[in-house]
1. Return a whole-number percent for the relative contact order of the chain, with Cα pairs under 8 Å and 6 or more residues apart as the contact set.
2. Under 21 Å between C-alpha atoms is the cut-off here; go through the chain and count lysine pairs that meet it, provided they're at least eight residues apart or on different chains.
3. Report, to the nearest whole %, how much of the accessible area of the chain belongs to carbon and sulfur atoms, 1.4 Å probe, protein only.
4. So how tilted is helix 94-103 from the main axis of the chain? Cα-based, degrees 0 to 90, rounded to 10.
5. Please list, ordered by chain and number, the residues whose modelled amide H lies under 5 Å from the amide H of Val83; skip anything fewer than 5 residues away on the same chain.
6. With a probe of 1.4 Å, find how much accessible area the chain has per residue, and write the answer as a whole number in Å².
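The values are calculated or read from the model by the stated rules, or taken from the named source; none is laboratory data. Quick caveat: nothing in here was measured; it's all calculated off a predicted structure. The protein model used for the area step is the full one, side chains on, heavy atoms only, and it has no ligands, DNA or RNA in it. Shrake-Rupley method; radii C 1.70, N 1.55, O 1.52, S 1.80 Å.
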Amino acid sequence: PTMIRRPPTIVCYICGREYGTKSIAIHEPQCLKKWHNENNLLPKELRRPEPKKPEIRTITAKGFYDLGALNEAAWTSAQSQLVPCNNCGRTFLPDRLIVHQRSCKPKVAK
């Protein structure tokens, strides 16, 4: 059986989703604009500083960027955007945290 090789993808440092090498340049400015719009709608205590694009300068022997390291740094950046729930400790995007907190109640000690 022949192995089908997936085309290379790059992880967005803002949302954590994977995009093709050509699409990421189109996606990132739109994603950042959406991030700013959503961040401005949040209560002041949940607003976050703008995510910074990770700088990975490792270049392989063939002159290419190390996509694994780049994707790992982008994934870590996207995960750092999550906010923990004060009751259960699970992490959410700030707009989803508000929805979660409506139903998450602190555990009552017996």
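1. Relative contact order comes out at 25 percent.
2. Pairs that pass both the separation and distance tests number 12.
3. 57 percent
4. Tilt of helix 94-103: around 40 degrees.
5. Phe92, Leu93
6. 79 Å²
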